Amino acid sequence: MSFEAPYTGIPLGLGIAYTWASYTFATGSLKMFRPAFVLLLLLAATAAFAQDFRATLTGRVSDPTGAYVPNVPVQVRHTATNEVASATTNPDGNYTIPFLRPGEISVTVEAAGFKRFTQGGMTLRVGQAAALNIVLEVGSITEQITVTGEIPLLETSKADRGTVIDRRSVQEFPLNARNPFMLSMLVAGVQYNGNAIYQRPFDNGAIADWSINGSLNRNNEFLLDGAPNNAQAGGNNIALVPSVDAVEEFKIQTNSYDAQYGKTGGGIINVSLKSGTNSVHGTLYEFARRNGWDANSFQNNAQGAAKSGHFLDQYGGQVGGPIYIPKLYDGRDRSFFMVAYEGYREGTPNPLTLSVPEPEMYQGDFSRVVDARGAAITIYDPATGRASGADWLRSPFPGNRIPANRINPIASKIASYYPKANIKTPLSRYSRSNLFVPGGDNIAKDDFYNLAIKIDHNFGSRHRMFFRHASNDRTEFRSANGIFGVGEDGPLPLKRINDAYVIDMVSTLSPSTILNWRVSFNRYVAGASRFGNRGFDKTSLGFPQSLISQVPHGAWFGRYEIGGYTSLGNHFGFDYTNTWAVHPTLTKIFRSHTVKAGLDMRWIQWATPNAGQPFRLVADDTFTREQFNRADALTGDGFATWLLGNLTGGQVDNNVFPIHMFRYFSPYVQDDWKVSRRLTLNLGFRWDFNGAADERYNRLNRGFAASEVNPIDRLIDRRQFPTLPQLKGGLLFAGNPNVSRRATNLDKDNIQLRLGFAYLLSQRIVMRGGWGRYYVNPSNNQLQLSGFSQSTPMVTSNDGNRTPVPALINNPFPGGVLQPSGSSLGLTTFAGRGYNFANPDFQVPHVNQFSFGFQGEMPWKASLEISYVGNRTKNLETSRAYNEWDLNFRKQCNPMEGGSPTFCDALVPNPFLGLEPFRGTGGFTNAQVSRASLARPYPHFGGITELYRNDGRVWYNALQLTYNQRTSNGLNVAIAYTLSKMIGETAWNDVQDPKLRRGVYSADKPHVFTVAALYSMPFGRGKRFGANAPRLAQYLIAGWETNAIMRWYSGQPWDLNESVIHLRDARVKAIDWSAPVVRAVSPCVLRWNDNGTITPQAYSVAAGCGTDQSTYAFLIAPRYAPQFAPDRDNRIRLHTAPQFDISFNKTTQINDRFKVQFRAESFNTFNTYWFYAGNFNNNPEDANFGTLNKDNVGFGSTSFPRHIQLAVKFIF
């Protein structure tokens, strides 16, 4: 299957313009867009300053008396390329020179009656608005003043907050897997919430999980050379991560009050790649790790296993210089190139601790099955079910053994693909955590390359451009269940491919007018194939050919999920994201104003050829526990249910492969107004048109017709069911008559004002602050495909789970596999089934950011910034159950309100029996249904969830401190500390009586502290010690450097189960993190039973909680009680531990052109075991509730052990 631009055969820029015009005229939406369309035409002619990665130099030229000097040319020369940019001071003596390449510059000013002024040795940073005020001395222009100095430390012309990670930091800090983005952790207000072990340049999802100043994960904007670098896949993944040696530097903008930035709910990470210079420079390198250098994994140590075979080779090079073809072309001062290539080959031990059936259980023997305390778990026979008054009773299997003649051969055959149990984990339930796959038997193999090519050309002093191509390709093989081949699950293989292109042109139209335009394209591809399951004949398991012939992708092993045990098998799925972007831009300077106006236009195509689960069977303990309607930790087992051939769920997915298109259009205007010598105002206006997505062939749902009578109502026999309410509601479909083809309505009110100020209190202190509104990146939840993608459900019981359909596994879908109906069934689509729909009136959530603080210049070339930072996110996306009982009915079922669940569980005649719209569901075959199912507002449907609501809010308040010391005596230090609180209202306490729970947000980490230091040791020529040492000694003592990074932050809050009520302070006052099993909360748990009584859990009594219920900490709510949002106690948090990375480097100068560097780097230097994502058990039915068994914490939930990396780098 191929995915391409909407229109082909024409140049990209014209194609995008044509796409926009075609869309607006063809859909009749031009009228709605008329103001923006006119603005587009105006700005396309005189355009602006879009999301730029380059620097701006501003300042004022005056004479010795302080009088302004107008009409004076100011020239900036880039030292490495001789690239020249210039401006002329206005009547107020002000000048602004934008679009300057980051790097070292010199500034020259010549004016009649004054000495020629030149200042060199200054370095511009990416995205920097640097200020340089120049005082001319009276004299002849033939006389010259030469000054050497750095750009001032204070940011006096912008209210924006952020940190530049310069080239030295990117090159020299120890970086695990050499991913430059991970240095963002060193910035105040920035919090990494991704997986600690997945920080490599191809872990595009995990490394997008940044929270910046209280933003939600994956709500940030990533820019590469100014072009968008996000992917729609994964809900806003990073698309492409460049190699370290290709990066010039990058900036993390945590607060920006500049209207040129948008499409973010948090910050902007803005990366600039290197460019070539007049001299050829480059590197060649190899970074290596070997198993013998690493510490053993924590999982291996827990099982007494030896170290596994870890290896890494990360190699490549970078070269840049002038384009020079002997006798044909000399590109010095004009044309430059840069090429960077990196290869990455890694084998990472991936130890797994899994759960599989014990050997005797395959024969039906469950006599040894006990819980973590040793209490027996009884297996009940579903065939013995019988009514006893209002209850339903089952009898246990004698001796807890299933007779051999009751074991289903298909179930047994599938179970034979499980690996065999090989360990016993203390303090765990029998048959849990009993399979250990050593890392050496499950090496995650990654093969990756990264390429960047950049061409810069200067047409003269007035016009310059660049072209950049970047690409990478990753292939991973890793098992998630310890199986390679039939039955495997995991990325086997996983592919991630990126291709990115950008063309950028800057033209100086006049000394005060600069035009910039940029066109870019980015493609991101990701997906897993799982070839080991392909080409499998499911009839060999015993399934009938008549069924398998109907199953999409039938020649696959299938997916089998048994409750409490690892799953078997999986299918394929891929994502494709194509992003086209156009940025016409203009800067106009007049008097004390620098005005920028521009357009940010993007077209994002997202295609998802995903099989879903075309054959999935599920079994849990529903049919082998004592009570059919309540879970119980001491009865039932999912594998016992499976062996009997009983199923509790499953589906056949027949998925469409959709192609979606998102359109984004945003004009903006920014005025940076130099009000006085001390005060600068940043005033901005931006208007986002975040167009609703559509699908190429209108294969989309569009809301729910709540009040429209459903055609099913006409099929009901009203003589038999006179009290059944009129049936209303059903799905609507995009593109049908009188229905838009967009998933949601266009949100046209996304106006964003930005206001910032910088006030110079003294030469060493600046006060800065601002407020700005942003609109976030909407999620993909608007894209619902019910009817176009058809899932055939499974009917597992005909009496509300009292008894199973016998031996259902023999033919799990006896009614056949349903085919997609598209929109042809109208409101009757998915009758008898549950589904999701998106709110068509969704409003794009917005964020109000604000800050106020002081930045001061300190001794030793240092600065200290102290700021208050706030964030208010509103209209946050939420979901809500839509087909719930009213409060009066629920009261009759809820024991907490005096009701009885038996009232709701009672079986009543089924009004939908045999009705054609219900074919394939229990509504078609079951003579009776529960009273509760008919009491829903839409009884002809199952559970319905409304997505894309706008109920949520998040508050963030923080005190942030940043200390930065430029290199002084060889030392460079960066310290950041954030003290914050993040509160959210994002989930419902009671969906029937809508109340959002307000509490600490899941990503809240009150304390974040980082220290980073680069230190060149003071030995050798030009240094404090050994400056005059002999040449041989110089080789030995010179060039030593040590670098270190320390990170520490609070653990995340613990999520309590949604069915549990937190009664009182449950904390263990002093958690013993060194214990094999860590207890965080009290084990004292009560249960509110269906009969209205309240009793303690058996494990609570065994733990000595006593009989005084007033001392108990938790209460399990009964069925039909409100389902509470997960409770979080700010004082109960997951594990945390400081992490250190340290490197020692030795650089030796071979001659004037060549250096060689040897590096030794360690990651997690002190081998600290940090199970950051190891959650406390929150299942109140489990005897281990409130504890964490460290032996069971998965490899993906801990920090990696200490890794040693050795490297050699040739520098020329």
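Here are some notes:
- Selection of the stretch 1183-1212 for residues being more than 17 Å from Thr425 (Cα to Cα), modelled with pLDDT of 90 or more and assigned to a loop (DSSP other than H, G, I, E, B) yields Gly1186, Arg1202, Phe1212.
- Gly756, sole failed condition from (1) of a type in the set (Gly, Ala, Ser); (2) part of a loop (DSSP other than H, G, I, E, B); (3) more than 23 Å from Ser930 (Cα to Cα): (2)
- Qualifying residue in the stretch 463-470 (condition: under 21 Å from Ser567 (Cβ atoms) and not β-branched (Val, Ile, Thr)): no
- No other residue among Pro1122, Pro1180 is part of a loop (DSSP other than H, G, I, E, B), at pLDDT 90 or above, on the phi < 0 side of the Ramachandran plot and over 29 Å from the mean Cα position of the chain (by Cα) apart from Pro1180.
- In the stretch 603-642, the residue that is nearest to Gln670 (Cα to Cα) out of those that are charged (D, E, K, R) and buried (at least 21 other Cβ atoms within 10 Å of the Cβ) is Arg616.
- Among residues of the stretch 1125-1140 being over 23 Å from the mean Cα position of the chain (by Cα) and either assigned to a strand (DSSP E or B) or hydroxyl-bearing (Ser, Thr, Tyr) (or both), the one that is surrounded by the fewest Cβ atoms within 10 Å (Cβ to Cβ) is Arg1131.
- Restricting the stretch 643-695 to residues that are of a type in the set (Gly, Ala, Ser) and farther than 30 Å from Asp749 by Cβ, the residue that is surrounded by the most Cβ atoms within 10 Å (Cβ to Cβ): Gly650
- Residue match in the stretch 952-968 (condition: under 30 Å from Arg1119 (Cβ atoms) and either touching a residue at least 24 places away in the same chain (Cβ under 8 Å) or in a loop (DSSP other than H, G, I, E, B) (or both)): yes
- Within the set Asn1089, Asn1043, the sole residue that is surrounded by fewer than 20 Cβ atoms within 10 Å (Cβ to Cβ) and in contact with a Ser or Thr (Cβ under 7 Å, 6 or more places away or on another chain) turns out to be Asn1089.
- Verdict on Gly598 being within 30 Å of the chain's Cα centre (by Cα), of a type in the set (Gly, Ala, Ser), part of a helix (DSSP H, G or I) and crowded, with 20+ Cβ neighbours inside 10 Å: no
- Of all residues in the stretch 704-735, those that are under 30 Å from Leu913 (Cβ atoms), within 37 Å of the chain's Cα centre (by Cα) and touching a residue at least 24 places away in the same chain (Cβ under 8 Å) total 7.
- Any hit, the stretch 997-1019, residues being modelled with pLDDT of 90 or more, more than 26 Å from the chain's Cα centre (by Cα) and among the β-branched types (Val, Ile, Thr): no
- Checked against (1) surrounded by 17 or more Cβ atoms within 10 Å (Cβ to Cβ); (2) touching a Pro at 6+ places or on another chain (Cβ under 8 Å); (3) in a loop (DSSP other than H, G, I, E, B), Asn745 passes all but a single condition, namely (1).
- Restricting the stretch 336-387 to residues that are within 30 Å of Gly317 (Cβ to Cβ) and among the aromatic types (Phe, Trp, Tyr), the residue that is surrounded by the most Cβ atoms within 10 Å (Cβ to Cβ) is Phe336.
- Every residue from the stretch 459-474 that is at pLDDT below 95 and either farther than 30 Å from Pro322 by Cβ or part of a strand (DSSP E or B) (or both): His463, Arg464
- Residues in the stretch 286-344 that are within 28 Å of the chain's Cα centre (by Cα) and of a type in the set (S, T, N, Q): Ser297, Gln299, Gln314.
- When the stretch 88-135 is limited to residues that are in contact with a Lys or Arg (Cβ under 6 Å, 6 or more places away or on another chain) and in a strand (DSSP E or B), the one that is nearest to Leu154 (Cα to Cα) turns out to be Ala129.
- Among residues of the stretch 245-264, those that are out of contact with any Lys or Arg (no Cβ under 9 Å at 6 or more places or on another chain), not in a strand (DSSP E or B) and not hydroxyl-bearing (Ser, Thr, Tyr), counted: 0
- Only one of the listed residues (Ser479, Ser520) is part of a loop (DSSP other than H, G, I, E, B), of a type in the set (Ser, Thr, Tyr) and over 30 Å from Pro820 (Cβ atoms). That residue is Ser479.
- Some residue of the stretch 689-712 being in a loop (DSSP other than H, G, I, E, B) and more than 30 Å from His660 (Cβ to Cβ): no
- For the stretch 1031-1051, a residue qualifies if it is modelled with pLDDT of 90 or more and either part of a loop (DSSP other than H, G, I, E, B) or not hydrophobic (A, V, I, L, M, F, W, C) (or both), and the qualifying residues are Ala1038, Gly1039, Glu1041, Thr1042, Asn1043, Arg1047, Tyr1049, Ser1050, Gly1051.
- Of residues in the stretch 663-686 being of a type in the set (A, V, I, L, M) and part of a strand (DSSP E or B), the one farthest from the chain's Cα centre (by Cα): Leu679
- Test: residue in the stretch 832-842 that is under 26 Å from Asn220 (Cβ atoms) and in a loop (DSSP other than H, G, I, E, B): yes
- Selection count where residues are among the acidic types (Asp, Glu) and assigned to a strand (DSSP E or B), scope the stretch 325-369: 4
- Residues in the stretch 269-293 that are part of a loop (DSSP other than H, G, I, E, B) and either under 30 Å from Asn219 (Cβ atoms) or out of contact with any Ser or Thr (no Cβ under 9 Å at 6 or more places or on another chain) (or both): Lys274, Ser279, Val280.
- In the stretch 843-854, the residues that are surrounded by fewer than 23 Cβ atoms within 10 Å (Cβ to Cβ) and either free of Cβ contacts under 8 Å to residues at least 24 places away in the same chain or part of a strand (DSSP E or B) (or both): His846, Asn848, Phe850, Phe852, Gly853, Phe854
- Asn458 falls short of the stated requirement of being buried (at least 20 other Cβ atoms within 10 Å of the Cβ), within 34 Å of the chain's Cα centre (by Cα) and of a type outside the set (Phe, Trp, Tyr).
- Residue list for the stretch 483-519, filter: in contact with a strand residue (DSSP E or B) (Cβ under 8 Å, 6 or more places away or on another chain), within 19 Å of Ile443 (Cβ to Cβ) and among the acidic types (Asp, Glu): Asp489
- Across the stretch 855-869, the number of residues qualifying as surrounded by 18 or more Cβ atoms within 10 Å (Cβ to Cβ) and either within 30 Å of Ser779 (Cβ to Cβ) or touching a Gly at 6+ places or on another chain (Cβ under 9 Å) (or both) comes to 4.
The values are calculated or read from the model by the stated rules, or taken from the named source; none is laboratory data. What you see is a predicted model, and the numbers here were worked out from it, not measured in a lab. Note that each Cβ is placed from the backbone with ideal geometry, even for glycine, and that neighbours are counted across all protein chains shown.
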